[in-house]
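One structure is given below, encoded as structure tokens.
Taken together, the values in this text are just the output of simple stated rules run on the coordinates, not laboratory data. Note that the coordinates shown come from a computational prediction; the quantities given were computed from them, not determined experimentally. Every residue, glycine as well, gets a Cβ built from its backbone with ideal geometry; the counts of neighbours run over all protein chains shown.
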Amino acid sequence: MDQSRMQTSKEIQEVCLRLMAAAPVCYLTTLDVDGFPITTAMNNLRCAKDFPALAPLYDEAENDFLVYITTNKPSAKMARLRANPKVSVYFCEPGQFIGFTLSGEIEIVTDQARKDRVWQEGWTMYYPDDPHGSEYDILRLAPKLVGGWCRNQPFEIRIAKPS
């Protein structure tokens, strides 16, 4: 792609979605009680190489930028999210000058069927009691805003709620 020309919104979106499908980690930022950001590296469940069985879950989503994240229910991160669900999730590819943030309010998934669908073999090392245990939690972010830098330009994509 000729990096000297301006990219269309559709091209930028495609670049972002390819990065989301390739990056092994993403960075979740939550806010502490004093409003200070705390960023944590998380497994990127959209990574097709690491989590190929989850690809259909994202293909079905109404929001192209939907993200699921797993975490331990008794963690400090979960306490912060219960107090303030406003978060950002960051993806980047520094060598390509691509980085973007998904912003919105994260949802704690309570639907056991969804939790079972996201569950991956081998996760008992993190959650010993399987997907039905007291430690396993899933977070769902359907961002309202995507913004960042894509090769030669800043961008912002506002996502309308599905009707």
Helix-only CD estimate at 222 nm, as mean residue ellipticity for the chain, using -39500 (n - 2.57) per DSSP H run (n ≥ 4):
-5500 deg cm²/dmol
Length-normalised contact order of region 9-158 in % [C-alpha pairs under 8 Å, at least 6 apart]:
24 percent
Cut-off 10 angstrom, C-alpha nodes, Gaussian network model of the chain. Which of PHE51, PHE100, PHE65 fluctuates the most?
PHE51
How far, in nm, would the chain grow between ILE108 and ASP34 when pulled straight, counting 0.36 nm per residue and subtracting the alpha carbon separation?
24.5 nm
1/(1 + (r/R0)^6) with r = Cβ-Cβ of ALA48 and ASN152, R0 = 41 Å, i.e. FRET efficiency to nearest 0.05, evaluates to 0.95
Read-out P(r) over Cα pairs in 10 Å bins from 0, in percent, derived from the coordinates shown; its label in [x] 10, 38, 36, 13, 3, 0; [y] 9, 30, 23, 13, 9, 7, 6, 3, 1, 0; [z] 10, 34, 29, 20, 7, 0:
[x]
Just the Cα atoms of region 104-163, one point each, no solvent: what log10 I(q)/I(0) does Debye give at q = 0.28 Å⁻¹?
-1.14
